[in-house]
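The values are calculated or read from the model by the stated rules, or taken from the named source; none is laboratory data. What you see is a predicted model; the values in this text were computed from it and never measured. Note that each Cβ is placed from the backbone with ideal geometry, even for glycine, and that neighbours are counted across all protein chains shown.
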Amino acid sequence: MDFFSGIDWFFIATSLAKTLGIIFVVVLPLVSYTVYAERRMSALMQDRLGPNRVGIPFTNIKMHGLGQPIADAMKFLLKEDLTPAHVNKFYYWLAPCLAMVPALLTLAVIPFGSTLLGVPMVIANVNIGILFVFAVASLSVYGIVLAGWSSNSKYPFLGGVRSTSQMISYELSLGLSVIPLFLLLGKLNLVDIVDYQAKNGWLLVPFWGEGWSWRRWLLLPPMVISFVVFTISIFAETNRLPFDMPECETELVAGYHTEYSSMKFALFFLGEYAAMITGSALIVTLFLGGWDLPIPWWSHTAGFHIALVDGSAPGIAGILGGLFNIVTFFAKVAVLLGLFIWVRWTLPRFRYDQLMRLGWIFFFEIALVNIFLTAGILFYLP
Amino acid sequence: MATIVSRPKLNFREKLYLPAIAAGLAITIKHLKNMLLGRTKVVMQYPEEKWDSHLPAHYRGAPVLVRDKERERCVACQLCEFICPPRAIRIKPGELPRTSNFEKVEKFPLEFDIDMIRCIYCGLCEEVCPEQAIFLRKDYAITGLTRAEMVHDKKKLYEMGGEMDGLVNKWNPKK
């Protein structure tokens, strides 16, 4: 009985609520509406209209096609789930899960809000934060590799092989590009990183907050370099164009998911977009101030200053502040998702050797030099 | 003889690759902006907007049969049936009774079927018809749920064609 009395039921209940809420209320709908946004934006960029028909069923209300993602989901659920005879059944069934799970698992350590009613808006506040993200995010390559290998067909196999080598070359620059951040902050905990940015200005735009000095201006270029390298590596990590080598429609039919149909295909699809959301959330957390949005404020006591809105205020103001932070965070994520889509429909795919050259010769070196640059600045201006 | 195409020499700006990316991003966002502001012309939204009023006079839609005031024009000569490239037309000729005012015409179609699944809208039937009884009209949305529904019989063809005035060219001395 001692064991049960030691359990913090409040913690378990709130964690469960946060987990279910973030997955089923926020991320999964966000995934389907990212797909919708992708289709609409790509259409508009190509002077087409995109899906603008599906609205509320059995009525003539169209709502610019906002019902399309729901119709797509229904279609995926009702389609025939085909398992080809020549596949390795166990790994063939395992691969879609492995593509989907890491993307959602990564969200656990990302702070998506400050506090709400005293509960911190992060599912797991762990000190290894970013290391956990890198460790779990690399697992998603197993989904692709296993799908490619178990399908027992040449196009998926080529997709899987490409995915592996791409992952190896971009994991390096991904990891190295964030080291300057930790040289500056001395912490790996994502919650602490966001708190620091809320107090001192976002790492990419440090124009307000405490500790305004020459040192921060000197540190801005390394941070911008980190941001660019990190963002491009995230593009490669999530297999988005211009780095969509494993999928590569024009060369490999559909790449690693050629042999998949119905909900198993949908899981790969969901995994890809969930990874995009996780990647955007990570960029927002590390470089763009997470849930923080500076609001210029004027009061008699303090004069004109930048107010920090979070959930720490008592009563209704605290609740509104907490909700405002959550909305801010997902608005930033949505803007970055827009960037992902914009880039995808602009740039052509890199040739395979160009991609490897970019990863190994440019980004790896840039990230490495950037570490020494930041270390130098921090050495002379501690 | 094979020609060797030398690679173009790129200057520093082109080698940097980034200006090209920025230019590309600018182009796509410009198109997006123009679409959102309604400056771009988009294609006709078909079921809501239709092309019908813009159809030219010579448009070749579904073939139909027409009748005169007194009688049906078709004399079941079967020329259209013979010329039809996909063999979409089937005619079963019948004999006009002696009592008819047009007894000298002798024949009329007992059955006249056009299989609209086969029809290729070539207009040869219209061209070959000596009696000007068959015309290609502007109906283009011919749909059906079964194959049988897609076969237009004589009743349907006259329903779509209706009545047509004027002298048949064959009897017009000027033509």
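Table: residues versus (1) within 14 Å of chain A (Cβ to nearest Cβ); (2) hydrophobic (A, V, I, L, M, F, W, C); (3) in a helix (DSSP H, G or I); (4) surrounded by 11 or more Cβ atoms within 10 Å (Cβ to Cβ).
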| position | (1), (2), (3), (4) |
| --- | --- |
| B:PRO19 | yes, no, yes, no |
| B:LEU25 | yes, yes, yes, yes |
| B:ILE29 | yes, yes, yes, yes |
| B:ASN34 | yes, no, yes, yes |
| B:GLY38 | yes, no, no, no |
| B:LYS41 | yes, no, no, no |
| B:GLU48 | yes, no, no, no |
| B:TYR59 | no, no, no, yes |
| B:VAL64 | no, yes, no, yes |
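Every residue, every condition in (1) of a type in the set (D, E, K, R); (2) more than 23 Å from A:GLY290 (Cα to Cα); (3) modelled with pLDDT of 85 or more; (4) surrounded by 19 or more Cβ atoms within 10 Å (Cβ to Cβ), yes or no:
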site: A:VAL109; (1), (2), (3), (4): no, no, yes, yes
site: A:PHE112; (1), (2), (3), (4): no, no, no, yes
site: A:VAL136; (1), (2), (3), (4): no, no, yes, yes
site: A:SER140; (1), (2), (3), (4): no, yes, no, yes
site: A:GLY159; (1), (2), (3), (4): no, yes, no, yes
site: A:SER165; (1), (2), (3), (4): no, yes, no, no
site: A:ILE168; (1), (2), (3), (4): no, yes, no, no
site: A:GLY175; (1), (2), (3), (4): no, no, yes, no
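Has the stretch A:66-76 got any residue that is over 27 Å from the mean Cα position of the chain (by Cα) and over 25 Å from B:LEU32 (Cα atoms)?
The answer is no; no qualifying residue exists.
Does any residue of the stretch A:346-364 turn out to be over 30 Å from A:SER42 (Cβ atoms) and either among the hydroxyl-bearing types (Ser, Thr, Tyr) or surrounded by fewer than 17 Cβ atoms within 10 Å (Cβ to Cβ) (or both)?
There is at least one residue in the stretch A:346-364 that is over 30 Å from A:SER42 (Cβ atoms) and either among the hydroxyl-bearing types (Ser, Thr, Tyr) or surrounded by fewer than 17 Cβ atoms within 10 Å (Cβ to Cβ) (or both).
Just checking, does the stretch A:5-15 include any residue being in contact (Cβ under 8 Å) with a residue 40 or more places away in the chain and not in a loop (DSSP other than H, G, I, E, B)?
So far as the stretch A:5-15 goes, yes, one or more of its residues are in contact (Cβ under 8 Å) with a residue 40 or more places away in the chain and not in a loop (DSSP other than H, G, I, E, B).
Condition check ((1) over 30 Å from A:LEU358 (Cα atoms); (2) buried (at least 16 other Cβ atoms within 10 Å of the Cβ)) across all residues:
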| site | (1), (2) |
| --- | --- |
| B:LEU10 | no, no |
| B:LYS15 | no, no |
| B:ASP52 | yes, no |
| B:ALA88 | yes, yes |
| B:THR99 | yes, no |
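Given the structure, is A:PHE340 in contact with a Pro (Cβ under 6 Å, 6 or more places away or on another chain) and either modelled with pLDDT of 80 or more or away from every other protein chain (no Cβ under 14 Å) (or both)?
no
Would it be correct to say that A:VAL194 is surrounded by fewer than 23 Cβ atoms within 10 Å (Cβ to Cβ), of a type in the set (Val, Ile, Thr) and assigned to a helix (DSSP H, G or I)?
No: the conditions fail for A:VAL194.
Can A:LEU355 be described as assigned to a helix (DSSP H, G or I) and touching a residue at least 40 places away in the same chain (Cβ under 8 Å)?
The answer is yes for A:LEU355.
Let me spell it out: the conditions are (1) part of a loop (DSSP other than H, G, I, E, B); (2) at pLDDT 90 or above, and B:PHE112 meets all of them except one. Which number is the exception?
(1)
Please state which one of A:VAL327, A:VAL333, A:VAL343 is of a type in the set (A, V, I, L, M), assigned by TED's automatic domain parsing to the domain that holds A:ILE168, in contact with a Ser or Thr (Cβ under 8 Å, 6 or more places away or on another chain) and assigned to a helix (DSSP H, G or I).
None of the other options fit; the residue is A:VAL333.
Here are some residues: A:ALA275, A:ALA317, A:ALA375. Which one is under 26 Å from A:VAL101 (Cβ atoms), part of a helix (DSSP H, G or I) and in the same structural domain as A:ILE232 (by TED's automatic domain parsing)?
Only one candidate passes the filter, namely A:ALA275.
Only one of these is among the aromatic types (Phe, Trp, Tyr), free of Cβ contacts under 8 Å to residues at least 40 places away in the same chain and assigned by TED's automatic domain parsing to the domain that holds A:ILE277: A:PHE112, A:PHE157, A:PHE134. Name it.
Just a single option satisfies the conditions, and that option is A:PHE157.
With respect to the numbered conditions (1) outside any helix (DSSP H, G or I); (2) surrounded by 11 or more Cβ atoms within 10 Å (Cβ to Cβ), which one is the sole condition not fulfilled by A:ILE61?
(2) is the only condition that A:ILE61 fails.
Which condition breaks for A:GLY55 when tested against (1) farther than 28 Å from A:VAL343 by Cα; (2) surrounded by fewer than 20 Cβ atoms within 10 Å (Cβ to Cβ); (3) assigned by TED's automatic domain parsing to the domain that holds A:ILE193?
(3)
Would you pick out the residues in the stretch B:121-137 that are of a type in the set (D, E, K, R) and touching a Gly at 6+ places or on another chain (Cβ under 9 Å)?
Residue satisfying the conditions is B:ARG137 alone.
Within the stretch B:81-104, restricting attention to residues that are β-branched (Val, Ile, Thr) and either in a strand (DSSP E or B) or within 18 Å of B:LEU65 (Cα to Cα) (or both), which residue is farthest from the chain's Cα centre (by Cα)?
B:ILE91
For the stretch A:317-331, what are the residues that are of a type outside the set (A, V, I, L, M) and either within 14 Å of chain B (Cβ to nearest Cβ) or touching a Gly at 6+ places or on another chain (Cβ under 8 Å) (or both)?
Answer for the stretch A:317-331, where residues must be of a type outside the set (A, V, I, L, M) and either within 14 Å of chain B (Cβ to nearest Cβ) or touching a Gly at 6+ places or on another chain (Cβ under 8 Å) (or both): A:GLY318, A:GLY321, A:GLY322, A:ASN325, A:PHE329.
What is the residue count in the stretch A:70-89 for residues that are in contact (Cβ under 8 Å) with a residue 60 or more places away in the chain and of a type in the set (A, V, I, L, M)?
Of the residues in the stretch A:70-89, 4 are in contact (Cβ under 8 Å) with a residue 60 or more places away in the chain and of a type in the set (A, V, I, L, M).
Inspect all residues belonging to the stretch A:197-211 and state whether any of them is at pLDDT 80 or above and either crowded, with 18+ Cβ neighbours inside 10 Å or of a type in the set (Val, Ile, Thr) (or both).
So far as the stretch A:197-211 goes, yes, one or more of its residues are at pLDDT 80 or above and either crowded, with 18+ Cβ neighbours inside 10 Å or of a type in the set (Val, Ile, Thr) (or both).
With respect to A:PRO96, is the statement that it is farther than 17 Å from A:MET167 by Cβ, buried (at least 21 other Cβ atoms within 10 Å of the Cβ) and not assigned by TED's automatic domain parsing to the domain that holds A:THR14 true?
yes
Looking at (1) within 14 Å of another protein chain (Cβ to nearest Cβ); (2) assigned to a helix (DSSP H, G or I); (3) over 23 Å from A:VAL333 (Cα atoms); (4) charged (D, E, K, R), which is the only condition A:ARG39 fails?
(3)
From the list B:PHE135, B:PHE102, which one is of a type in the set (Phe, Trp, Tyr), more than 30 Å from B:PRO47 (Cβ to Cβ) and touching a residue at least 24 places away in the same chain (Cβ under 8 Å)?
B:PHE102
So which of B:ARG73, B:ARG60, B:ARG67 is under 17 Å from B:LYS138 (Cα atoms), touching a strand residue (DSSP E or B) at 6+ places or on another chain (Cβ under 7 Å) and in contact (Cβ under 8 Å) with a residue 40 or more places away in the chain?
Within the list B:ARG73, B:ARG60, B:ARG67, the selection yields B:ARG60.
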